[in-house]
Amino acid sequence: LTPLLIASMAPIYKVRDLSDDGYMLEDRIHGDGDTYEEMAYEEDVDTSQPSVIDILMEAAPAAAAMPDLCGRLPLHLAIGTGKRWHQGVRAILDANPDALLQQDSTNGLIPFLQAAIVPRPDCGTIFELLRRDPALLLHWTTSRINCVVEQ
């Protein structure tokens, strides 16, 4: 696996302030009240700091076109783990625009549809993926109708 594939599969964690003022040992021992779900799906995304994916894409943009052993691209993996537009999806797509047309090998969906079926879909991510090529919507529905008619 490339570093980009690993970063694409990793969950998103809420950034914690580990300075003396924002971190207490008791919070670590007893918990600070946040559940994993609350941390993983934080609504306000800090876009002031680049994500790990952004940093990796800047260093090696060609990695966005390298699939894993199952044939899944970093874009598929990032969307599948629930990453949003500014959490690396945009950077991967900017480096490999052709990924927008490629189906995920595990579920057969193109990226904007895959973004719609994750446990907590983000409308902004779905919109931005569709906005890159609105014809995908027409192509996808037409090809599915043709498949049904042929069967």
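Just a few scattered comments:
- Selection of the stretch 107-134 for residues being within 13 Å of residue 75 (Cα to Cα) and in a loop (DSSP other than H, G, I, E, B) yields 109, 110.
- Whether a residue is at pLDDT 95 or above, open to solvent by less than 20 Å² (accessible area, probe 1.4 Å), assigned to a helix (DSSP H, G or I) and within 26 Å of residue 131 (Cα to Cα) was assessed, and residue 53 does not pass this test.
- The stretch 59-78 residues that are among the charged types (D, E, K, R), paired with ones that are open to solvent by 10 Å² or more (accessible area, probe 1.4 Å) (beta carbon under 6 Å, 6 or more apart): 72/105
Residue by residue, here is whether (1) farther than 15 Å from residue 54 by Cβ; (2) under 10 Å from the mean Cα position of the chain (by Cα); (3) open to solvent by less than 20 Å² (accessible area, probe 1.4 Å) holds:
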site	(1), (2), (3)
83	no, yes, yes
89	no, yes, yes
101	yes, no, no
111	yes, yes, yes
116	yes, no, no
126	yes, no, no
131	yes, no, no
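Residues are listed down the side, and each one gets a yes or a no for (1) at pLDDT 95 or above; (2) more than 26 Å from residue 134 (Cβ to Cβ):
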| site | (1), (2) |
| --- | --- |
| 18 | no, yes |
| 34 | no, yes |
| 63 | yes, yes |
| 82 | no, no |
| 107 | no, no |
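- Figure legend. Inter-residue proximity from the stretch 109-136: first residues within 17 Å of residue 80 (Cβ to Cβ) and without any contact (Cβ under 8 Å) to a residue 24 or more places away in the chain, second residues surrounded by 15 or more Cβ atoms within 10 Å (Cβ to Cβ) and polar (S, T, N, Q), beta-carbon distance below 9 Å, spacing 6+ or different chains. Indicated pairs: 109/103.
The values are calculated or read from the model by the stated rules, or taken from the named source; none is laboratory data. In this text, all values refer to a predicted model and were calculated from it rather than measured experimentally. Please note: Cβ atoms are built from the backbone with ideal geometry, for glycine as well, and neighbour counts cover all protein chains shown. Side chains included, ligands, DNA and RNA excluded: accessible areas come from the protein's heavy atoms. Shrake-Rupley method; radii C 1.70, N 1.55, O 1.52, S 1.80 Å.
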